[in-house]
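Student: Quick one: the structure is below, and I'll ask about it shortly.
Please treat every number below as a calculation from the coordinates, not as lab data. It should be emphasised that the depicted structure is a prediction, and the values quoted were computed from it without experimental measurement. Counting neighbours? That spans all protein chains shown, and the Cβs are built from the backbone with ideal geometry, glycine included.
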Amino acid sequence: MKVSVLALQGAFLEHEKKLAECGVEALEIRQWRDIEQSFDRLILPGGESTVMGKLLHELDLMTPLRALIEDGMPVMGTCAGLILLAERIADDSTVHLGTMGMTANRNAYGRQLGSFHTTAECRGIGTIPMTFIRAPHIASVSSAEPIAEIDGKIVAAKEGKQLALAFHPELDTDLRLHEYFLGL
């Protein structure tokens, strides 16, 4: 199995390390020709969603990545990746990939000083560590299914083979979320 990680900006190296711990080969997507490689899954890492969206357009990667996801390729979006997947962003008319039926609320926990770590139940996985850094949350869902909440806020959702996480599993030692994703 090969997993591509969007490597334009953000925490892509941390995801690659987790994939290696799971015994899976990681490939980086930085430009058009990288999408032509054979891969089975896609990770959209945390980082700056506005910058990632801009680069996806400039590098002509938005349309082919959207097509792969819409054709059923499993995808995991963490933090900024969640925002890229959302069909809507609260108080913003921007839509990036827009493949998941949910509305993302950007920087829902405030600035960098609002970052925190906790543990919570994630349906189908169990109680897991969650690290939030300038994190969004999911304000509402239409077709996506919530699978984790913190203080009444949705922080993880699933729709088909798409998994959106407001937190950073790549920053914790627990491999279960990556293993869950690899099993989709």
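Student: In a GNM of the chain with a 10 Å cut-off on Cα contacts, which of Gly23, Gly77, Gly46 has the highest mean-square fluctuation?
Tutor: Among Gly23, Gly77, Gly46, the largest mean-square fluctuation in the Gaussian network model of the chain belongs to Gly23.
Student: Could you work out which residue, out of Ile125, Ile133, Ile83, moves most in a Gaussian network model of the chain, that is, has the largest mean-square fluctuation with Cα springs under 10 Å?
Tutor: With Cα springs under 10 Å in the chain, the top fluctuation among Ile125, Ile133, Ile83 is at Ile125.
Student: Whole-Hz Karplus ³J(HN,Hα) for the stretch 149-164, in order, using 6.51 cos²θ - 1.76 cosθ + 1.60 and θ = phi - 60°, x for Gly and Pro?
Tutor: 9, 10, 6, x, 9, 6, 10, 8, 8, 9, 9, x, 9, 9, 10, 10
Student: With the chain treated as a Gaussian network of Cα nodes joined by springs under 10 Å, which of Glu159, Glu58, Glu14 yields the largest mean-square fluctuation?
Tutor: Among Glu159, Glu58, Glu14, the largest GNM mean-square fluctuation belongs to Glu58.
Student: So for each of 95-101, 171-177 I average, over its residues, the number of other beta carbons within 10 Å; can you give me the resulting order with the highest mean first? Write down the numbers at each step before the final one.
Tutor: Values: 95-101: 21.3, 171-177: 16.4.
Final packing ranking: 95-101, 171-177.
Student: Going by Cα centres, the stretch 114-159 and the stretch 8-55 are how many Å apart?
Tutor: Cα centres, the stretch 114-159 to the stretch 8-55: 21 Å.
Student: Out of residues 5 or more away from Ile150 or on other chains, whose amide H comes under 5 Å of its own, with H placed 1.01 Å from N in the peptide plane?
Tutor: Val155
Student: Also, I was wondering about something else. Taking amide H atoms as placed 1.01 Å from N in the peptide plane, list the residues 5 or more away in sequence, or in a different chain, whose amide H sits under 5 Å from that of Val5.
Tutor: Amide H neighbours of Val5: Leu27, Glu28, Ile29, Ile43.
Student: Report, in debye and to the nearest 20, how large the dipole of the stretch 2-182 comes out about its Cα centre when Lys and Arg carry +1 and Asp and Glu carry -1 on their Cβ.
Tutor: Numbers: 17 positive and 25 negative charges, 47 e Å.
It works out to roughly 220 debye.
Student: Could I ask something else about it? Add -39500 (n - 2.57) for each DSSP H run of 4 or more in the chain, then divide by its residues: what number comes out at 222 nm, to the nearest 500 deg cm²/dmol? All intermediate terms of the calculation are to be shown ahead of the outcome.
Tutor: Numbers: 6 runs with 46 residues, N = 184.
When only DSSP H runs of four or more count, the value is -6500 deg cm²/dmol.
Student: Then there's this: Under a point-charge model restricted to the Cβ atoms of Lys and Arg (+1) and Asp and Glu (-1), what is the dipole moment magnitude of the stretch 18-98 relative to its Cα centre, in debye to the nearest 20? Show your work: numbers first, answer last.
Tutor: Working: 7 positive and 14 negative charges, 14 e Å.
Dipole size: approximately 60 debye.
Student: Which whole-Hz couplings ³J(HN,Hα) result when phi for each residue of the stretch 90-100 is put into the Karplus expression 6.51 cos²θ - 1.76 cosθ + 1.60, θ = phi - 60°, listed in order with x for Gly and Pro?
Tutor: These are the phi-based 3J(HN,Hα) values: 4, 6, 7, 8, 5, 10, 9, 6, x, 9, 10 Hz.
Student: Cross-link candidates for Lys17: which lysines have Cα within less than 20 Å, leaving aside residues fewer than 8 places away along the same chain?
Tutor: Filter leaves Lys2.
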